[in-house]
1. Give me the residue from region 2-26 that is part of a strand (DSSP E or B) and more than 15 Å from residue 50 (Cβ to Cβ) and, out of that set, modelled with the lowest pLDDT.
2. Do you know which of the residues in region 27-50 that are in a strand (DSSP E or B) and in contact with a strand residue (DSSP E or B) (Cβ under 6 Å, 6 or more places away or on another chain) is nearest to residue 64 (Cα to Cα)?
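The values are calculated or read from the model by the stated rules, or taken from the named source; none is laboratory data. Computed from a predicted model, the values in this text were never measured in an experiment. Please note: Cβ atoms are built from the backbone with ideal geometry, for glycine as well, and neighbour counts cover all protein chains shown.
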């Protein structure tokens, strides 16, 4: 399992991917956008689970999850 941690900022999304043993597999910062979010998630091999840091700047990510079929295809839960 690949666990994708996401920290949302106004201008960037910070990602870190950790496997089930706790080893960091990938870390990357991208410009904040729905497309960049989905593209990063899709770049991580399945099985994968997305973990979003709770905060005022993360609410739009939950809206994407609820409204976007691409989220489910990308492997977000």
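1. 12
2. 50
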